[in-house]
1. Give region 301-315 a look and list any residue that's within 17 Å of Ser245 (Cβ to Cβ) and touching a Phe, Trp or Tyr at 6+ places or on another chain (Cβ under 8 Å), or say none.
2. Sort out which residues of region 272-305 are free of Cβ contacts under 8 Å to residues at least 12 places away in the same chain and not β-branched (Val, Ile, Thr), and write them in order of number.
3. Starting from residues that are of a type outside the set (A, V, I, L, M) and in contact with a strand residue (DSSP E or B) (Cβ under 7 Å, 6 or more places away or on another chain), keep the ones in region 245-277 and report whichever is most open to solvent (accessible area, probe 1.4 Å).
4. Determine if region 155-163 includes at least one residue that is open to solvent by 60 Å² or more (accessible area, probe 1.4 Å), within 18 Å of the chain's Cα centre (by Cα) and of a type in the set (Lys, Arg).
5. Tally time: how many residues in region 234-261 are touching an Asp or Glu at 6+ places or on another chain (Cβ under 7 Å) and assigned to a helix (DSSP H, G or I)?
6. Mind listing whichever residues of region 221-244 are of a type in the set (D, E, K, R) and either at positive phi or open to solvent by 30 Å² or more (accessible area, probe 1.4 Å) (or both)?
7. Output the residue which, of all residues in region 117-126 that are more than 23 Å from the chain's Cα centre (by Cα) and over 20 Å from Val318 (Cα atoms), is least open to solvent (accessible area, probe 1.4 Å).
8. Restrict the check to region 205-214 and report whether at least one residue is touching a helix residue (DSSP H, G or I) at 6+ places or on another chain (Cβ under 8 Å), open to solvent by less than 10 Å² (accessible area, probe 1.4 Å), assigned to a strand (DSSP E or B) and among the small types (Gly, Ala, Ser).
Amino acid sequence: MALFPFCKSTTGPIRVTRIQLLLYCVLLSLIIYFLHGRKAAVSVKLPHTTMDLRDRKVPQTPMETQWGAPLVWGETHNSALRRSKFGQQEIRAGLLTLVVGTYGQFIRRFLSSAETYFLPGQMVTYYILTDNPRSLDPPVKLGPQRQLKVLPIAELPRWDRLAYRRMALVADAIKDQISSEVEYIFCADVDQEFVAPVGEEILGDLVATLHPELYGRPRNAFPYETEEVSSACVEQDEGDYYYTSELYGGLVSEMYKLARACSLLILQDSANKIVARGLEESYLNRYLIDHRPTCVLSPEYSWWSSPLTAEVPVRRLVSLGRQCKDYDRQKKEEHKC
């Protein structure tokens, strides 16, 4: 005789007694209780799991790019590892800047701050391309294993003219002298000040720096050159980041390729009387789309106060020139803009 009243015997209907029905109800209750208990046990663990996820130290900023290059924030564990790796080697690095016209007012602050914060403990050569060597008098006192070399250039009084000549000047300087003296070369605008350590974490084959006003913004906000007639033109489906021209660098061989390629594109557009939207920065971004950097520096390494500027954990290199543009007359006088 079957236990469950809904079962049918092959010989005919089954008669169910009260005792059998009672047993069936008890068994069904036990099954329901057992299943309910299992679900209750699982649900108890969920709040604990959620709490564990909240307690984890998830980085607020990405640590690498979509193509696997390190995205450098100075205080992270990854940066500490990079400093340890390169710090065990004898690195010969150069820091190149152009000092022309009125930009001579910034050179002493630039060099003094670099002496304190740029690759401390490493051999560094400062390459100053200038149309006025007297702007370096009296000489800035340098520390051990640091030296300064002046590379005279023709006078370039206008800023826009400088912007069109800078890549060619950098390429020539690397080719004629720098390539035989250092392994890495970084180009930086002179109207900046190092305010926190910039160490070996920045070293790489080809290094670019994220623009602080455009970091984290959507792709359609990037001021790429969009005129198809320009050699710097970027199509709608191109581009990962927008890079600043305030600081970039890498191996001398890679930097020569970059400067040479950009200077040729600028020369080509100049011959056709084409002016790119962001001047040399447009060509720099065009090149870095075609040749993705092997190391990308966060906006910590190029920062200035602006309503659009992204907040960063540490400000390391501050643009005085761009900062001054946002000051009123009184503040400009206070900061000697």
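The values are calculated or read from the model by the stated rules, or taken from the named source; none is laboratory data. In this text the structure is predicted, and so the values were computed from the model without any measurement. Heads up, the Cβs are rebuilt from the backbone with ideal geometry, glycines too, and the neighbour counts pull from every protein chain shown. Just the protein is used for accessible areas: all its heavy atoms, side chains included, with ligands, DNA and RNA removed. Shrake-Rupley method; radii C 1.70, N 1.55, O 1.52, S 1.80 Å.
1. Listed by number, the list holds a single entry, Thr309.
2. Lys273, Asp290
3. Going through region 245-277, the residues of a type outside the set (A, V, I, L, M) turn out to be 245-246, 248-250, 253-254, 256-257, 260, 262-263, 268-270, 272-273, 277.
After this cut, where a residue has to be in contact with a strand residue (DSSP E or B) (Cβ under 7 Å, 6 or more places away or on another chain) as well, the list is 246, 248-250, 254, 277.
Working: Glu246: 4, Tyr248: 7, Gly249: 0, Gly250: 0, Glu254: 49, Arg277: 154 Å².
Of everything passing the filter in region 245-277, Arg277 is most open to solvent (accessible area, probe 1.4 Å).
4. Step one: filter region 155-163 for residues open to solvent by 60 Å² or more (accessible area, probe 1.4 Å), giving 155, 157-159, 161.
Then drop every residue that is not within 18 Å of the chain's Cα centre (by Cα), which leaves none.
No.
5. Qualifying residue count for the region: 2.
6. Going residue by residue through region 221-244, those that are of a type in the set (D, E, K, R) are 225, 227-228, 235, 237-238, 240.
If the condition is that a residue be of a type in the set (D, E, K, R) and either at positive phi or open to solvent by 30 Å² or more (accessible area, probe 1.4 Å) (or both), then Glu227, Glu228, Glu235, Asp237, Glu238, Asp240 are the ones that fit.
7. As a first pass, look at region 117-126 and keep what is more than 23 Å from the chain's Cα centre (by Cα): 121, 123, 125-126.
If we keep only those that are over 20 Å from Val318 (Cα atoms) too, we end up with 121, 123, 125.
Details: Gly121: 70, Met123: 60, Thr125: 11 Å².
Here the residue is Thr125.
8. The answer is yes, given that some residue of region 205-214 is touching a helix residue (DSSP H, G or I) at 6+ places or on another chain (Cβ under 8 Å), open to solvent by less than 10 Å² (accessible area, probe 1.4 Å), assigned to a strand (DSSP E or B) and among the small types (Gly, Ala, Ser).
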